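Below: one structure, written as structure tokens.
The values are calculated or read from the model by the stated rules, or taken from the named source; none is laboratory data. Keep in mind that this is a model prediction, so the values were computed, not measured. Every residue, glycine as well, gets a Cβ built from its backbone with ideal geometry; the counts of neighbours run over all protein chains shown. Ligands, DNA and RNA are excluded from the accessible area calculation, which covers all protein heavy atoms including side chains. Shrake-Rupley method; radii C 1.70, N 1.55, O 1.52, S 1.80 Å.
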Amino acid sequence: MAKHPEELIFLSALLGRRAKSKKLGTSMGRVHDVVATLTELYPQLRGFVLQHKDTRVLYPATAQEYFDFHHSGVLIVDESRIASLELGDRDFSLRELLWDKQIVDVDGAKVVRVNDVQLLVSERQWVVHVDVGLSGLMRRLGFEGLARGAAKSVGKPLLDELISWKFVQPLSAEASALDPVRLTVGARKLNELHPGELADILEDLDSSQRQVILESLDTEIAAEAIQETDEDVQRAIFEGMNTELAADILEEMEPAKAADVLANLDEEASSAIIEAFEGEEEKADLQELLTYEDNTAGALMSTDYLEINGDRTVGEALEIVREAAGEIEAFYYVYVHDDDGKLVGALSLRHLLQTDPALQCGNVVQQRLVSLELTSDIVEIVTAFLRYNFLCLPVSDESGVLRGVISFKHSFDQLLPHLYRAWKAD
């Protein structure tokens, strides 16, 4: 048996066309939509949606009928195969899910709008590409030929902008209920993007679309991406998010960043999210951070740091660093306290690696201690960073007990205006 020929057809060439009865030649209305079924990679077409007045039915066309319809412009319908329009869990409407909708192109890491959909018709029929280019829009408006001619005349050919379905993550409320295999493919690719790229995508979307994306991401990746967005976007994200998911994401953030997010929410929403935290220690840390005034050391500090008693050995300190490396990002220093819990100094990772592992930390600690107070203002913080060039600065309470650390990297956005003024003053 000869193999059926293959042909690429655009959805816009099919919708709105007439349908006629094969037996009687009478009108069967027009082609309103195409239904597809999600498979592991490319969705398979299930059939045409025919609309006659207020009635819509499903017509599961054969491959030959697709070809004949595309070339003749009229769909000839075998009435005996008409079925009721009932969509299964894996079915979706191309028109409603994709037509004029925003999608995330996870290969190009951007948000685009679908102007057309490309189908592959052979022995079976598949959705293979979405068209996000100007050519797709011109095709739908009926001006594709004119647009291509005009573009060619000025030496700038109108190029198709097709994105393979395998790189597409639909952005609609319905998409979250679709085939988990399909969403796993998209989510995995989204998780591979840089947090900065994800942040750019999130800022381009509306509230409901952001939730679809964030629910597809690992919580750690979601936390990193949200930290890269501006305050207005962060507030909108958490105001519309499920409380448990919001708590899970905030637990993955730097405590100071999480406190900043919560401070921008109304008190009721903030309290509900904190109560949903699983870790009591994380909950207490956040509640404490929220009590400090803006732009003070207490408000900017993180409660994630490494601390050890001075009678512990350098080897034990290095083991603590190894165990905590996956949990604490800013572990540039190990802070050392005495038997009373007072901060006495710090050991850099370089110092630890160059020191005899058998020596006690208290005997090799760098004696020159630079520390901020919980109430130190932004000018004091900037001055200390500029003067001592440390990557992190410890913050102690009035008793000299370490309460947190300020990382230059994580506080950079808040410090930048003051750093600039200090630079101009010099």
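Things worth noting here:
- For beta carbons closer than 6 Å, sequence separation of 6+ or different chains, a first residue in region 1-25 that is at pLDDT 90 or above and a second that is open to solvent by 40 Å² or more (accessible area, probe 1.4 Å) and of a type in the set (D, E, K, R), the qualifying pairs are Ser12/Arg140; Gly16/Arg30; Arg18/Arg30; Ser21/Glu79; Lys22/Asp78.
- Qualifying positions in region 122-138 - in a helix (DSSP H, G or I) and open to solvent by less than 70 Å² (accessible area, probe 1.4 Å): Ser135, Gly136, Leu137, Met138
Quick grid of which residues meet (1) surrounded by 22 or more Cβ atoms within 10 Å (Cβ to Cβ); (2) at pLDDT 90 or above:
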position: Gln209; (1), (2): yes, no
position: Gly240; (1), (2): no, no
position: Asp248; (1), (2): no, yes
position: Glu252; (1), (2): no, no
position: Ala284; (1), (2): no, no
position: Thr296; (1), (2): no, yes
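- Only strands (runs of 3 or more DSSP E) whose full extent lies in region 1-55 are considered here, and the ones with at least 2 residues that are farther than 16 Å from Leu94 by Cα and open to solvent by less than 40 Å² (accessible area, probe 1.4 Å) are 18-21, 27-37.
- Scope region 65-97; condition open to solvent by 40 Å² or more (accessible area, probe 1.4 Å), of a type outside the set (Asp, Glu) and touching a residue at least 60 places away in the same chain (Cβ under 8 Å); matching residues: His70, Arg90, Arg95
- Note on region 202-229: residues that are closer than 11 Å to Ile249 by Cβ, aliphatic (A, V, I, L, M) and part of a helix (DSSP H, G or I) total 6.
- Residue list for region 284-297, restricted to those being aliphatic (A, V, I, L, M) and assigned to a loop (DSSP other than H, G, I, E, B): Leu290
- Within region 336-375, if we keep just the residues that are among the hydroxyl-bearing types (Ser, Thr, Tyr) and out of contact with any Pro (no Cβ under 6 Å at 6 or more places or on another chain), the residue that is modelled with the lowest pLDDT turns out to be Ser348.
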